[in-house]
Each structure stands twice: as C-alpha cells, then as structure tokens.
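One structure below.
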Amino acid sequence: MNINPNFSDENENAPASEVMALGMDFIYENLIEPVQENLNADQLKIIGLIGMSFKIIAEQATALEELEKSIEGFDNNEDISRN
C-alpha cells in the first residue's frame, strides 16, 4: 500500500521515513488540528510523544532499508549473522 498519490512505480517502495511523514501529516491535518483547541496539555504531550516514537521507528526502518541496499548483491555465501 502506498499513501503517496504521486507515486507511480509499483515495484519500488517509498522509504519508510517518507511514508511515515505522509501518514503523520494526514493524521495531524485531518484528526488533530480540527480538535487541537479542545485538547488539554497532557493529551498534547502524549500526541507529541507518539509522534516522536513514530519518527524514531521510521528512522530505524530507513536505516535498515539502507543497510539492506548496501549488502544487496553481496553474495559470497558468508554468514554475516554473527557480525
């Protein structure tokens, strides 16, 4: 599933950080911003923590994607799981 309406290549996945940013933008614009004045300080703090958690997850996923790309094609049958 791709949430970017401008994305056209079905064989290539968007980077995790991009997908996360698009999803967070949608959630903010459509769900949080309309009710922001009705949220108390604790609710806003929790929303901020959730946003930061999602950002960290996306950064870790992007780092893993980059690692996988860097070892793609590296095929000498060496087990690198111990490294």
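The values are calculated or read from the model by the stated rules, or taken from the named source; none is laboratory data. All figures in this text were calculated on a predicted structure; none of them were measured in a lab. Neighbour counts are summed over all protein chains in view; Cβ atoms, including those assigned to glycine, are modelled from backbone coordinates with ideal geometry.
Summary of values
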read-out: Any pair with Cβ under 8 angstrom, 6 or more apart, that starts in the range 52-73 at a residue that is farther than 14 Å from GLU18 by Cα and of a type outside the set (Phe, Trp, Tyr) and ends at one that is surrounded by fewer than 12 Cβ atoms within 10 Å (Cβ to Cβ) and at pLDDT 90 or above; value: none
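Each row is one residue, and each column tells you yes or no for (1) of a type in the set (D, E, K, R); (2) out of contact with any strand residue (DSSP E or B) (no Cβ under 9 Å at 6 or more places or on another chain); (3) surrounded by 13 or more Cβ atoms within 10 Å (Cβ to Cβ).
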| site | (1), (2), (3) |
| --- | --- |
| VAL35 | no, yes, no |
| ASP42 | yes, yes, no |
| LYS45 | yes, yes, no |
| LEU49 | no, yes, no |
| MET52 | no, yes, no |
| ILE57 | no, yes, yes |
| LEU64 | no, yes, no |
| LEU67 | no, yes, no |
| SER70 | no, yes, no |
